[in-house]
1. Show log10 I(q)/I(0) for the range 14-183 at q = 0.17 Å⁻¹, two decimals, from a solvent-free Debye sum over equal Cα scatterers.
2. Using only DSSP helix segments of four residues or longer, with each worth -39500 (n - 2.57), what per-residue ellipticity at 222 nm results for the chain after dividing by its residue count and rounding to 500?
3. For the range 91-135 and the range 60-77, what is the separation of their C-alpha centers, rounded to whole Å?
4. May I ask you to sort K72, K161, K175 by Cβ crowding, counting other Cβ atoms within 10 Å and putting the fewest first?
5. If the cut-off is a Cα-Cα distance under 17 Å, which aspartates and glutamates reach K169, setting aside same-chain residues fewer than 8 apart in sequence?
6. Taking K172 as the anchor, which lysines have their alpha carbon closer than 22 Å to its alpha carbon, excluding any fewer than eight residues away along the same chain?
Amino acid sequence: MDGPGSPGPDGLGRVAALTTVAFLETARLSLRPMTDDDLDAMSAMLGDPEVMRYYPAPKTRAEAQRWIDWNKRNYADHGFGLWIMEDHEGNFIGDCGLTVQQVDGTAEVEVGYHVITERQGAGYASEAAEACLRFAAVSGITRVIAIIDPANLPSQRVAQKAGLHLEKKAIKNGKEQLIFATAL
């Protein structure tokens, strides 16, 4: 029997195994799988017009729940997704992780990140993105991209600091985006 709760090689269900411990650690951050208990924090962040200024619109609480559900499916389907980013005191910073995205008809692994407004500019997104790239490399992923709005200069700096380089422009959801990439 296969599925999100089915035993993996270690005898644990993949979702259960991913949601019971902090998944990635850095000098200042813990990245762990999202759960339904993160709805308040995720709803506040994804509903913040400043955080979401390069998206079509901020997300509603219901859309934030769908975001969490999408990531839980990603953990089950791919073994990765966007993870909750917290400092070592457990304070919510944002989310960061890996997702599969379609670019020019090709499935690509993207590193993505959001940081709450009051914690932006402190290097958290770069630190978390670098940890995600290390995770990708040891997981056998050989290429990672970042899809970035041309006007989003802070996100471009995060991608460059993490080692990604501008590769091309592409149309994503009807809008021109910059595709940064790196081989791992």
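The numbers here are math on the coordinates, done by the rules we state, and not lab data. Quantities reported herein were computed from a predicted structural model and do not represent experimental measurements. A quick note on method: Cβ atoms are made from the backbone with ideal geometry, for glycine too, and the neighbour counts reach across all protein chains shown.
1. These q points yield log10 I(q)/I(0) values of -1.08.
2. Details: 5 runs with 56 residues, N = 184.
It lands at -9500 deg cm²/dmol.
3. Taking the Cα centre of the range 60-77 as reference, the centre of the range 91-135 is 16 Å away.
4. K175, K161, K72
5. By straight Cα distance, K169 reaches D104, E108, E110, D149.
6. Excluding near neighbours in sequence, the set is K59.
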